Amino acid sequence: MHQMKFRSVLSAALFALVLTLAPPAPCQAQTQYALSESFDGGALDIEATTIDGDVIHLAPRATWTIHRYANRFRWVNFRISGVEGRTPEFRVTASGFLGSLRGHRFLYRENPTDPDSEWRFFDRGDVDRDNDLYIFTNDRPFAADEVEVAWSVTYPVSRASSLVEELGRTRFVTPTPSSDDRLIVGKSLGGTDEFGREIPQLPLYGFRLADDEGPAEGAERQTIVVISGVHSSETVGNHALEGFLKFLVSDEPEAARLRSIAEFFVYPLVDPDGRYGGRFRNSHEVPTEDMNRHWHQPETFTNLRKLRQAILTDTGGRADILFDFHGISNQGNDFVFTLEAFAETPFMQALEARTGIGPRPSDGHPGMARIYFARDDRLGLREAYTPEFAPRSGRTSEELQAIGRQYALALLDALIEHQQRPADEAEIEADAAAETISSH
C-alpha cells in the first residue's frame, strides 16, 4: 500500500518536472495589418505609413500640389485588413490637415466589398495638441477582418454610375443632344497617378430630366443646369445632389409640379478621374490647378472641355438658373456662394425659410462655373448658386439627401413665385441680373 502511494507521488513529481523543463508552446502570432488604397476613391501614402503594434500612424497623400499647400492633405480613404477582434489606434499629424480636425470623427465600414455594408462613425476622435496628432479609435474590437476608413462620407464613381442608371430607368430622364443612350457625354482622360495606380477612362454623364408627358404649366418652361463633383473630395455635395435628383423623379405631387414647370440638364460628376484617384480639389490631369477656375479656359482639362461644350449645346446656349453642388472642409454650417445681386432672390428666401441655409455673397472668379455660365454670351443665367455642404461630425448620407430634397422644394417655391410675377417686373429683374454678370 505504502509502495503504491510512493509510486504515485513519484510519478506526479516527475510529470511536474517535465512540464517545468519543457519549452513553452509557441503562441499564435497575430495577423499583420495590411493597408490598401487601390480602389475607387482610395487615398493614402502606404509606403510612408508606419505600424507599431496596434498604433498606425497614417501618411495621407498630399493631393493638392499648389505650392503653398504642397505638404497639406484633405481626403483620406483606405482599407485595412487583419483587424478582426482588435482595436487599432489611428494617428495622423493634425497640422498637416488643410482645415481643422477639431470635433471631427472619421468613418468606417466593415466588409467594404459588401454593397450593403453600413458606414459608422468611430467612437473616439480627438486632437492631441501637445503632440500635434489627431487620434481616432473604437471602444470595441472590429467584428470583421477588413474595414474601410474615410475622412468623410464617400461617394465613389461607381455610386454615381449606379445613380445615373437608376434615374435612367424612369421616363423623366432622357439623353441630351450631347449624350448617348447610356447618358454618357464622353470619357475622361484616365492615366496613371503618382503611385503608379491606373486610373481608367471613366464616363462623363449628362442627361435631361423633365416630364414631357404630364400637364405643362405656364407659357415657358424654366431651364435649370445642375453640376457637381468638380472638386473631387467634396463628396458631401454629391450626396445632397442625389437627394435633389431622387426627389425630382419621385411620385410626390411637388416633384410632379416641378417637373412640369422646369427642365433640368444634369452633369453629376465633373471630375471622375479625381474622385476615383482620391484627390482633393485638383484634377489628375493638371494636379497643380483648381479645375473650378478654368471653365473660361478649359483647353488643358479634358473633362471641362467636353462638359462645357455639352452644357452649351444641350441647353441651346440659354438657361435660367445654375446650381453647382460643392462641399466645404470644416465643421461649420452649410451656405450658398452667390453674387450679392442674388442674395435676396425668391429662391434664397425660400431656402432659408425651409432650412436656415443662407447666402454668402462673393464675386468669385471668372473661371468658376457660376460666373462663367452666367454671362450673357454664355447661358445668360438669371441666377447662379454654389451650394456648400459641410462634412460635420455624425452627418450621414441620409441627412445630406434630405437637405438636397429641400433645395428642390425651395426651387419650386421660387419658380411658382416667378410665374406669378408681372411680365414687366420679370423683365426688369432679368436685365438687372445681366448687368450684374457683365460687371464680372
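Every number here is computed from the coordinates shown, using simple stated rules; none is lab data. Not measured: the values here are computed from a predicted model. Cβ sites come from the backbone with ideal geometry, for glycine too, and all protein chains shown count toward neighbours.
Taking label points 7 Å from Cα along the Cα-to-Cβ direction, E47 and R102 give a separation of 3.6 nm.
Label zone of N111 (point 7 Å out along Cα→Cβ, amide N under 12 Å): in segment 132-161 this covers 143-146.
Counted by Cβ distance under 12 Å from G229, the other residues give a net charge of -1, where Lys and Arg count +1 and Asp and Glu count -1.
Between R129 and S162, the simple spin-label model (points 7 angstrom out along Cα→Cβ) gives 4.2 nm. Here the gap between A143 and D54, fully extended at 0.36 nm per residue and compared with their Cα-Cα distance, gives a gain of 30.4 nm.
Summarising the label geometry, the points placed 7 Å from Cα in the beta-carbon direction at Q32 and R354 lie 5.4 nm from one another. The GluC sites (Glu not before Pro) of segment 293-362 that DSSP puts in a loop, and whose beta carbon has at most 13 other beta carbons within 10 Å, are E299, E344. Note: relative contact order over segment 120-202, using C-alpha pairs below 8 Å and six or more positions apart, is 13 percent.
Once you sort the root eigenvalues of the Cα gyration tensor of segment 34-150 as a ≥ b ≥ c, which label holds: rounded (a/c under 1.5), prolate (a/b larger than b/c) or oblate (the other case)? Verdict is prolate for segment 34-150. The amide H of G186, built 1.01 Å from its N in the peptide plane, has L204 as neighbours under 5 Å, considering only residues 5 or more places off or on other chains. Once a ≥ b ≥ c are taken as the square roots of the eigenvalues of the Cα gyration tensor of segment 157-438, is the result rounded (a/c under 1.5), prolate (a/b larger than b/c) or oblate (a/b not larger than b/c)? Rounded. Summarising the amide proton neighbourhood of G327: residues at separation of 5 or more, or on other chains, whose placed amide H is nearer than 5 Å comprise G237, F389.
For H67, H418, H239, H57, the sequence from fewest to most other C-beta atoms within 10 Å is H67, H57, H418, H239.
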